[in-house]
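Below is one structure, written out as structure tokens; the observations come after it.
The values are calculated or read from the model by the stated rules, or taken from the named source; none is laboratory data. All values derive from a computational prediction rather than experimental measurement. Cβ: placed from backbone, ideal geometry, glycine included. Neighbour counts: every protein chain shown.
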Ligand code: FES
């Protein structure tokens with residue numbers, strides 16, 4: 001039996017089966033509802049409201065009783081008075097009759113703002129797929145050599161290629177026709193000097209490839225000319241799997257709880273990648289068939305979820321992946337639409353939780369070529385840290401949680417329009433200044449009220465600024481003695497700081513930073529700090545010579561705020577750099593350089609992974625690192641800032 005469900009304000013409507021929950025119904029109808037926990041009923045972000053009445057225009061009578069009974073989890077997550085107003089959590093509520101559902105502004109998924117920065121790097125271009133133009137002597141009755149052998153002969157003679165022993169089936173299908181129609185003059189695209197993956201008529205100078213960084217939140221693609229190494233088109237999109245859970249663990253859970261969950265997520269990703277490739281090819285005036293190589297990087301869970309490999313063992317101890325080595329699969333086997341005979345190359349994985357994205361960061365930043373000690377922090381839902389120099393590198397992975405990306409924060413949101421991204425607080429008056437994504441200037445009285453929440457960089461800024469202004473102390477507790485209307489007791493009885501008044505927001509509510517938010521950030525930053533501390537100790541040094549903050553999120557970070565809150569160890573601020581999407585850069589490098597692929601394979605094996613969370617004194621160190629910037633360690637490079645913090 002089916003029921004009509006209408007979502008407003010998008011107006012999407014459709015019929016869903018009896019018993020389907022509202023989150024799934026929204027997915028089916030193409031409505032994006034925030035669901036950071038992937039429907040595990042713990043985040044409370046999928047709040048919707050059922051509208052009651054006879055909606056003649058839509059031909060339905062919508063009733064709250066057409067939904068399943070209120071669950072205990074909903075009572076816990078919904079705010080006072082919301083139950084009476086027919087608010088529900090979409091993932092807890094199943095459809096039992098016709099309903100009209102209103103999705104409030106703060107529950108709507110927003111389009112991610114994409115960072116496409118990256119550094120240009122010098123590299124010697126030597127891709128795995130190269131084009132070779134050949135002219136053959138036509139077959140005659142006296143010379144009946146087959147077409148493949150004839151091509152091989154010229155390739156050996158003209159280009160000294162003696163090992164081209166394979167030709168893909170799909171190339172053979174049209175081979176006789178292509179060669180003859182082109183008057184025996186063709187361009188042969190060869191993979192690894194061994195296998196013919198494309199034969200094109202006439203001269204085709206440039207082979208084209210695509211590099212893709214499959215992030216949990218953002219997927220960034222780069223179209224590159226494999227002859228020149230130049231990246232000509234960049235495009236990004238939100239990871240389409242995000243509707244199934246914002247972090248990798250919720251997606252793994254989704255795949256375990258739903259029979260077709262893994263397949264759905266894998267197909268969503270492949271479809272997204274196909275659109276990305278098509279979009280870039282079109283922009284460059286190419287067809288997808290012109291793309292003859294593809295490199296992919298991503299964390300281990302993304303790797304499994306894209307390749308349709310059951311990820312459950314990646315999510316539980318001892319976190320062993322299906323395979324760690326780099327692999328080359330035929331694009332067609334994965335359903336990726338590009339030149340049919342071409343390969344897709346996944347860079348190697350380092351360890352269970354340290355994926356090919358981190359290997360890509362390594363080959364981009366090359367800490368293994370440095371004399372000085374380099375600390376590379378790839379910030380994401382899972383923080384990945386590498387430390388060392390040319391002699392030895394250690395890596396670890398820290399469960400930072402999604403707080404640094406805006407999830408599990410009362411008014412946290414993704415880096416999308418309407419998110420507060422930068423914050424300053426006047427140390428005297430405690431009044432804040434903030435800037436919203438999508439707006440050029442800092443917000444001022446009288447501007448359109450667009451603030452909707454706070455994204456990761458805004459959270460790091462606001463917490464560091466609250467500490468610098470004396471709103472919170474070293475331990476993260478609020479200073480109750482301050483005389484300012486910006487600090488109050490929240491509904492839960494705990495203190496909170498009002499960053500933006502309701503009149504300045506588009507959600508009609510004060511945007512606040514709660515004691516719980518401060519704690520969540522303390523936990524995340526402490527995890528990163530401890531990870532770095534263990535690795536430095538393991539390497540026998542007390543401080544890094546330079547720090548690299550990587551990640552799509554990394555280049556937005558205010559490095560001073562990061563150090564003031566003690567997310568990174570002390571280091572000369574001039575030697576702290578946010579490098580943007582280094583994983584994407586690594587994927588590009590592997591696309592245009594065989595040597596970089598070999599380097600990736602070597603580094604994935606050479607870097608020693610250290611499990612830090614099981615160290616006996618982890619709890620003690622973690623507790624010390626919870627303080628701002630740290631309970632015991634000194635930060636001489638920012639002491640001048642710390643000295644100005646008002647004392648209670
Ligand atoms: S509580 Fe519904 S998606 Fe998290």
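The rows are residues; the columns are (1) farther than 30 Å from residue 26 by Cβ; (2) at pLDDT below 95; (3) within 21 Å of the chain's Cα centre (by Cα).
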site: 244; (1), (2), (3): no, yes, yes
site: 270; (1), (2), (3): no, no, yes
site: 275; (1), (2), (3): no, yes, yes
site: 287; (1), (2), (3): yes, no, no
site: 300; (1), (2), (3): no, yes, yes
site: 343; (1), (2), (3): yes, no, no
**Request:** Would you be able to say whether some residue in segment 238-248 is in contact with a strand residue (DSSP E or B) (Cβ under 9 Å, 6 or more places away or on another chain), assigned to a strand (DSSP E or B) and under 17 Å from residue 129 (Cα atoms)?
**Result:** no
**Prompt:** When you look at residue 643, is it surrounded by fewer than 19 Cβ atoms within 10 Å (Cβ to Cβ), touching a strand residue (DSSP E or B) at 6+ places or on another chain (Cβ under 8 Å) and over 16 Å from residue 395 (Cβ atoms), yes or no?
**Reply:** no
**Asked** Does residue 616 meet the test of being in contact with a helix residue (DSSP H, G or I) (Cβ under 7 Å, 6 or more places away or on another chain) and part of a loop (DSSP other than H, G, I, E, B)?
**Response** no
**Request:** With the condition kept exactly as written, say whether any residue in segment 293-300 is free of Cβ contacts under 8 Å to residues at least 60 places away in the same chain and surrounded by 15 or more Cβ atoms within 10 Å (Cβ to Cβ).
**Result:** yes
**Asked** From the set of residues in segment 379-394 that are farther than 15 Å from residue 547 by Cβ and within 22 Å of the chain's Cα centre (by Cα), which is surrounded by the most Cβ atoms within 10 Å (Cβ to Cβ)?
**Response** 380
**Message:** Condition first: part of a helix (DSSP H, G or I) and within 20 Å of the chain's Cα centre (by Cα). Now tell me which residues in segment 563-590 satisfy that.
**Reply:** 582, 583, 584, 585, 586, 587, 588, 589, 590
**Message:** Is it the case, given these coordinates, that residue 89 is in contact with a strand residue (DSSP E or B) (Cβ under 9 Å, 6 or more places away or on another chain) and either within 16 Å of the ligand (Cβ to nearest atom) or closer than 24 Å to residue 265 by Cβ (or both)?
**Reply:** yes
**Item:** Residue count, segment 251-282 (criterion: more than 23 Å from residue 336 (Cα to Cα) and crowded, with 23+ Cβ neighbours inside 10 Å)
**Value:** 1
**Request:** Within segment 172-181, identify whether any single residue is crowded, with 22+ Cβ neighbours inside 10 Å and at pLDDT below 95, and answer yes or no.
**Result:** no
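Suppose we filter 297, 233 for residues that are part of a strand (DSSP E or B), in contact with a helix residue (DSSP H, G or I) (Cβ under 6 Å, 6 or more places away or on another chain), more than 24 Å from residue 355 (Cα to Cα) and not assigned by TED's automatic domain parsing to the domain that holds residue 30; which single one remains? Let's see the steps before the verdict.
Working: 297 fails: more than 24 Å from residue 355 (Cα to Cα).
Answer to the selection: 233.
For residue 531, indicate whether it is in the same structural domain as residue 449 (by TED's automatic domain parsing), modelled with pLDDT of 90 or more and crowded, with 18+ Cβ neighbours inside 10 Å. Steps first, answer last, please.
Values: in the same structural domain as residue 449 (by TED's automatic domain parsing): no; modelled with pLDDT of 90 or more: yes; crowded, with 18+ Cβ neighbours inside 10 Å: yes.
So residue 531 fails the test.
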**Prompt:** Which ones in segment 1-23 are touching a residue at least 60 places away in the same chain (Cβ under 8 Å) and either within 16 Å of the ligand (Cβ to nearest atom) or under 13 Å from residue 108 (Cβ atoms) (or both)?
**Reply:** 7, 8, 9, 10, 20, 21, 22, 23
**Message:** Condition first: surrounded by fewer than 16 Cβ atoms within 10 Å (Cβ to Cβ) and either away from the ligand (no atom under 16 Å from the Cβ) or in a strand (DSSP E or B) (or both). Now tell me which residues in segment 24-33 satisfy that.
**Reply:** 30
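Applying the selection to segment 34-47, what residues are more than 7 Å from the ligand (Cβ to nearest atom) and either in a loop (DSSP other than H, G, I, E, B) or buried (at least 24 other Cβ atoms within 10 Å of the Cβ) (or both)? Spell out the reasoning first.
Of segment 34-47, the ones more than 7 Å from the ligand (Cβ to nearest atom) are 34, 47.
Across segment 34-47, the qualifying residue is only 34.
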**Prompt:** Among the residues of segment 457-514, which ones are assigned to a helix (DSSP H, G or I) and under 24 Å from residue 525 (Cα atoms)?
**Reply:** 457, 458, 459, 460, 461, 462, 463, 464, 465, 466, 467, 468
**Prompt:** Is there a residue being surrounded by fewer than 19 Cβ atoms within 10 Å (Cβ to Cβ) and within 29 Å of residue 283 (Cα to Cα) anywhere in segment 139-161?
**Reply:** no
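Looking at this structure, is residue 22 at pLDDT 95 or above and in contact with a helix residue (DSSP H, G or I) (Cβ under 7 Å, 6 or more places away or on another chain)? Please lay out each step first, then the result.
Working: at pLDDT 95 or above: yes; in contact with a helix residue (DSSP H, G or I) (Cβ under 7 Å, 6 or more places away or on another chain): yes.
Criteria met by residue 22.
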**Complete:** Here the residues within segment 9-23 that are under 13 Å from residue 91 (Cα atoms) and in a loop (DSSP other than H, G, I, E, B) are 19, 20
**Prompt:** Of all the residues that make up segment 65-85, how many are modelled with pLDDT under 95 and away from the ligand (no atom under 16 Å from the Cβ)?
**Reply:** 4
**Fill in**
When restricted to 576, 607, 564, the only residue over 30 Å from residue 207 (Cα atoms), in contact with a strand residue (DSSP E or B) (Cβ under 6 Å, 6 or more places away or on another chain), in contact (Cβ under 8 Å) with a residue 24 or more places away in the chain and surrounded by 22 or more Cβ atoms within 10 Å (Cβ to Cβ) is 607
**Prompt:** Here are some conditions: (1) within 12 Å of the ligand (Cβ to nearest atom); (2) surrounded by fewer than 18 Cβ atoms within 10 Å (Cβ to Cβ). Residue 53 meets all but one. Which one does it not meet?
**Reply:** (1)
